[in-house]
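For reference, the structure discussed in these notes is given below.
The values are calculated or read from the model by the stated rules, or taken from the named source; none is laboratory data. Since we're looking at a predicted model, the values are computed, not measured. So basically every Cβ, Gly included, is an ideal-geometry build from the backbone, and we count neighbours across all protein chains shown.
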Amino acid sequence: MDSTGLIHVQLTRAQRDAVFEEIAFAFECAASLPLMLEHGSHSLADRVDARELIWQLRVALRLLEQLGWQDKGNRDGYVLEVDEEVDQFAAGIERYALVALRDNSEGLVAHSDEVSAKVRRLIDADLDALGAARAVRDAFEFARAGVRLERGP
C-alpha cells in the first residue's frame, strides 16, 4: 500500500497478457447479453448472469485503462492498482486457471508428443494466469492485513 492508501502490484508482461486474455473472454461473453435480456423476464439465472457479466465488464474496463488495450504487452512490467473488485476479478482468474491447469495437465499424459507440445504451451499460459491472479490477490491480502495491524491496539 502506498502513502495514498492505494494497493499496487507489479505484473510481468506474461502475467499482464494472461489478465488481458481473461478481459477478452469477458468481452466475448458480452455477446450473450441480448439473449439474457430476452430471457431475463422468465429466468432469474439469466438476470443473475447478466449482472455478473456487467460487473466483470466494468472491472475489465478499469483494468484495460491500467494495462493498455493492446492484445500483447510492450513493456517488461505493469503496475496495477488493486481494490476489492480487482481482487474478486483475480479470484475468478485463479479459479479458471486452476481448473484449466488440472485439465491440461491430465491431457499432457494422454497425448502424442506433437499434441503434448501444444498442451505444454496451454499449461504455460495457465501458469501465467495463475501467477497474475495470485500476485494480485496476495498484494491485496497483504495490504488488507497491514491496515488491520495499523488499526489494532
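Could you check, for region 56-71, whether at least one of its residues is surrounded by fewer than 13 Cβ atoms within 10 Å (Cβ to Cβ) and either of a type in the set (Phe, Trp, Tyr) or touching a residue at least 60 places away in the same chain (Cβ under 8 Å) (or both)?
Yes, the conditions are met somewhere in region 56-71.
Just checking, how many residues over region 124-153 are of a type in the set (A, V, I, L, M, F, W, C) and modelled with pLDDT under 90?
7
Tell me the residue from Glu28, Glu81, Glu21 that is more than 24 Å from Asp126 (Cβ to Cβ) and of a type outside the set (Lys, Arg), please.
Only one candidate passes the filter, namely Glu81.
So in region 23-54, with the set limited to residues that are under 15 Å from the mean Cα position of the chain (by Cα) and touching a residue at least 24 places away in the same chain (Cβ under 8 Å), which one is nearest to Val136 (Cα to Cα)?
Only one residue fits best here, namely Ile23.
Yes or no: Leu122 of a type in the set (A, V, I, L, M, F, W, C) and either in contact with an Asp or Glu (Cβ under 9 Å, 6 or more places away or on another chain) or in a helix (DSSP H, G or I) (or both)? Break it down stepwise before answering.
Values: of a type in the set (A, V, I, L, M, F, W, C): yes; either in contact with an Asp or Glu (Cβ under 9 Å, 6 or more places away or on another chain) or in a helix (DSSP H, G or I) (or both): yes.
So Leu122 fits the description; yes.
Being under 17 Å from Gln15 (Cα atoms) and touching an Asp or Glu at 6+ places or on another chain (Cβ under 9 Å) narrows it down to one of Gly92, Gly77, Gly131, so name that one. Walk me through how you get there before you give the answer.
On the way: Gly77 fails: touching an Asp or Glu at 6+ places or on another chain (Cβ under 9 Å); Gly131 fails: touching an Asp or Glu at 6+ places or on another chain (Cβ under 9 Å).
Criteria check complete, one pass: Gly92.
List every residue pair whose Cβ atoms sit under 6 Å apart, with the two residues 6 or more apart in sequence or on different chains, where the first one lies in region 90-102 and is more than 19 Å from Glu141 (Cβ to Cβ) and the second, anywhere, is among the small types (Gly, Ala, Ser) and outside any helix (DSSP H, G or I).
Qualifying pairs under 6 Å: none.
Output the residues belonging to region 100-111 that are in contact with a Ser or Thr (Cβ under 9 Å, 6 or more places away or on another chain) and assigned to a loop (DSSP other than H, G, I, E, B).
The answer is none; no residue qualifies.
I'd like to know if region 119-136 contains one or more residues that are farther than 15 Å from Asp17 by Cα, in contact (Cβ under 8 Å) with a residue 12 or more places away in the chain and either surrounded by 14 or more Cβ atoms within 10 Å (Cβ to Cβ) or under 15 Å from the mean Cα position of the chain (by Cα) (or both). Before the answer, list the steps.
Taking region 119-136 first, the residues farther than 15 Å from Asp17 by Cα are 119-120.
Checking the rest, the ones that are also in contact (Cβ under 8 Å) with a residue 12 or more places away in the chain come to 119-120.
With either surrounded by 14 or more Cβ atoms within 10 Å (Cβ to Cβ) or under 15 Å from the mean Cα position of the chain (by Cα) (or both) added as a condition, the list becomes 119.
Yes: one or more hits.
Pick out the one residue from Ala91, Ala97 that is buried (at least 18 other Cβ atoms within 10 Å of the Cβ), under 12 Å from the mean Cα position of the chain (by Cα), part of a helix (DSSP H, G or I) and at pLDDT 90 or above.
Values: Ala91 fails: buried (at least 18 other Cβ atoms within 10 Å of the Cβ).
When all the criteria are applied, what remains is Ala97.
Can you find a residue that is part of a helix (DSSP H, G or I), over 16 Å from Ala18 (Cβ atoms) and either at pLDDT 90 or above or among the hydroxyl-bearing types (Ser, Thr, Tyr) (or both) anywhere in region 65-74?
Initially, region 65-74 is screened for residues part of a helix (DSSP H, G or I), giving 65-67.
Subset that is over 16 Å from Ala18 (Cβ atoms): 65.
Next, only the ones that are either at pLDDT 90 or above or among the hydroxyl-bearing types (Ser, Thr, Tyr) (or both) stay: 65.
Yes, the conditions are met somewhere in region 65-74.
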